[in-house]
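A.B. asks: One structure is given below, represented as structure tokens, and several questions about it will come after.
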Amino acid sequence: MTRTVKVDPENPEESAIAEAAEILRRGGLVAFPTETVYGLGALALDEVCVRRIFEAKGRPAINPIIVHVSDRESAKRLTTDWTSGAERLANTFWPGPLTLVLRRHASVPDIVAAGGPTVGVRCPANRIALALLNATGQPLAAPSANPSNYLSPTTAAHVLKGLDGKVDLILDGGPTRAGIESTVFDLTVTPPTVLRTGPIAFTQIEKELDVRCADQTRGSRVNSVMRSPGQLTRHYSPKTPLLLAANRDELQRMIAERTTENARIAVLSFPPALKASATIRPITMPSHPQEFAASIYSELHAVDELGVHCILVEAPPDTVEWQAVLDRLRRAASRPS
Ligand code: TXA
Ligand code: MG
């Protein structure tokens, strides 16, 4: 049975945190908010506990899991190679939405790393997550708390919808702030490489490291080894088919083509708002990339419940500011091959 407990995101109640930590120490699963999306946590250094995460999510064993830590010292213990680059990035962006891929220490079980030589580590900027990490006294493995390949959860209700009965406790700290998953950055390769776009932009990392970095987040995976399964083309997807329109004209054309008497569609667009009708359910999205990111999964979760025929989305501009959002939309739009 899954229980949900409301927790004050500013000042997490000690009793709720202690209970959650106890469940984790006994080998259970606890979903908790981070600043990005909700995570499905288990003791990272215990193989048996981590296996339960894979089972609950239906996650393929080839996909490694991010380890969450309360501070830099704990991160250092998980790697054999805490580089000056790691030190700099952690200094600047932690706690925060940046996952660092580092050489894995022997204490990190194979299952966390999907058998690979590296481990992804991050310190989340969320008081509930940090309180839980501190109370547990151990690093927590936590992927997004959703069935594999589905949209990430940004509320406790989303977690419950996807994983009811599969997680012991959900700490409900309200909607998450950033709304999309952390940037994943690999420091074990030369040049260091962005594996997943996210709230921290590629350009911010380059500026901090003062070196040219590589961007592996798009297209480059064909015929090469998959470095991060977040690079799987179809990912982060609603169940309803989603189509991306390059601009407003294309959006209008697609709307005209796809609305028939008995096919209702949802349309996510920028202002100015589209007119609602019997067949069109318009949703006006924020014009600012951070605000768009904060609400996109929530809107898609909601639209997925409407039973519409398809979801049309007006694409944001292809600029650095919109890169992470555009990446998620492209993946959501691609059909299984
Ligand atoms: O914001 C986030 O990162 C959220 C919250 C809960 O922290 N977590 C999250 O986890 O999105 P998940 O499992 O849904 O996505 C983790 C991504 C995957 O694309 C995975 O392949 C990649 O990070 N990853 C994890 N460890 C890795 C490693 N050692 N090497 C390369 N990629 C790794
Ligand atoms: Mg995920």
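Nothing in this text is a laboratory measurement; each read-out follows from the coordinates by a stated rule. These numbers come from a predicted model, not from an experiment. Because the Cβ atoms are built from the backbone with ideal geometry, glycine has one as well, and the counts that use them run over all protein chains shown.
A.B. asks: Using 0.36 nm times the number of residues separating THR4 and GLU305, minus their current alpha carbon distance, what extension gain do you get?
C.D. replies: 106.2 nm
A.B. asks: Roughly how many debye, to the nearest 20, is the charge dipole of segment 232-337 about its Cα centre, given +1 on each Lys and Arg Cβ, -1 on each Asp and Glu Cβ, and no other charges?
C.D. replies: For segment 232-337, the charge dipole is close to 300 debye.
A.B. asks: Two-decimal Rg/Rh of segment 102-143 from alpha-carbon positions, Kirkwood Rh?
C.D. replies: 1.01
A.B. asks: Could you work out which residue, out of GLU314, GLU47, GLU87, moves most in a Gaussian network model of the chain, that is, has the largest mean-square fluctuation with Cα springs under 10 Å?
C.D. replies: Between GLU314, GLU47, GLU87, it is GLU87 that shows the largest mean-square fluctuation.
A.B. asks: To the nearest 20 debye, what is the magnitude of the charge dipole of the chain about its Cα centre, counting +1 on the Cβ of each Lys and Arg and -1 on the Cβ of each Asp and Glu?
C.D. replies: 820 debye
A.B. asks: Extent of segment 228-337 along each principal axis, from alpha carbon coordinates, in Å, largest to smallest?
C.D. replies: Projected onto its principal axes, the Cα set of segment 228-337 covers 43, 31, 23 Å.
A.B. asks: Return the calculated 222 nm mean residue ellipticity for the chain, to the nearest 500 deg cm²/dmol, obtained by summing -39500 (n - 2.57) across DSSP H runs with n ≥ 4 and dividing by the residue count.
C.D. replies: Result for the chain, helices only: -9000 deg cm²/dmol.
A.B. asks: Over the chain, what is the percentage of antiparallel beta bridges among all DSSP beta bridges, to the nearest 5?
C.D. replies: DSSP beta bridges in the chain are roughly 40 percent antiparallel.
A.B. asks: R0 = 22 Å: FRET efficiency of GLN290 with GLU14, Cβ-based, nearest 0.05?
C.D. replies: 0.10
A.B. asks: If you don't mind, there's one more thing I want to ask. Within the set of other residues whose C-beta is less than 15 Å from the C-beta of ARG212, count the net charge using Lys and Arg as +1 and Asp and Glu as -1.
C.D. replies: Local net charge: -4.
A.B. asks: Based on the Cβ-Cβ distance from THR92 to ASP215, what FRET efficiency comes out when R0 is 22 Å, to the nearest 0.05?
C.D. replies: According to the calculation, E is roughly 0.70.
A.B. asks: What list of ³J(HN,Hα) values in whole Hz, one per residue of segment 242-248 in order, does the Karplus curve 6.51 cos²θ - 1.76 cosθ + 1.60 (θ = phi - 60°) give from phi, with Gly and Pro shown as x?
C.D. replies: So the J values, rounded to whole Hz, are 10, 10, 9, 9, 5, 7, 5.
A.B. asks: Contour minus end-to-end for ARG25 and GLU55, with contour as 0.36 nm per residue of separation and end-to-end as the Cα-Cα distance?
C.D. replies: That works out to 9.0 nm of additional length.
A.B. asks: VAL119: net charge of surrounding residues, Cβ under 13 Å, Lys/Arg +1, Asp/Glu -1, itself excluded?
C.D. replies: Residues close to VAL119 contribute a combined charge of +2.
A.B. asks: Moving on to the next point. For the chain, with the dipole built from +1 on Lys and Arg beta-carbon atoms and -1 on Asp and Glu ones, taken about the Cα centre, which of THR259, THR92, ILE65 lies farthest toward the positive end?
C.D. replies: THR259
A.B. asks: Let me ask something else. Arranged by the count of other C-beta atoms within 10 angstrom, fewest first, what order do CYS123, CYS310 take?
C.D. replies: CYS310, CYS123
A.B. asks: Compute, for segment 1-108, the length of the dipole vector about the Cα centre, with Cβ point charges of +1 (Lys, Arg) and -1 (Asp, Glu) only. Units Debye, rounded to 20.
C.D. replies: It works out to roughly 520 debye.
A.B. asks: What do the square roots of 5 times the Cα gyration tensor eigenvalues come to for the chain, in whole Å, largest first, as semi-axes of the equivalent ellipsoid?
C.D. replies: Whole-Å semi-axes of the equivalent ellipsoid: 33, 24, 17.
A.B. asks: Further question on the same structure: Can you give me the relative contact order of the chain as a percent, contacts being Cα pairs under 8 Å and 6 or more apart?
C.D. replies: That works out to 20 percent.
A.B. asks: Additional query: List the residues, sorted by chain then number, that are 5 or more residues from ALA245 or on another chain and whose placed amide H is less than 5 Å from its amide H.
C.D. replies: Long-range HN contacts for ALA245: VAL313, GLU314, ALA315.
A.B. asks: I've got another one for you. Given H placed on each backbone N at 1.01 Å, which residues far from THR4 in sequence or on other chains put an amide H within less than 5 Å of it?
C.D. replies: ILE170
A.B. asks: While we're looking at this one, here's another question. Just check segment 1-152 against the gyration tensor rule for me: Cα atoms, a ≥ b ≥ c as the square roots of the eigenvalues, rounded for a/c under 1.5, and otherwise prolate or oblate depending on whether a/b exceeds b/c.
C.D. replies: oblate
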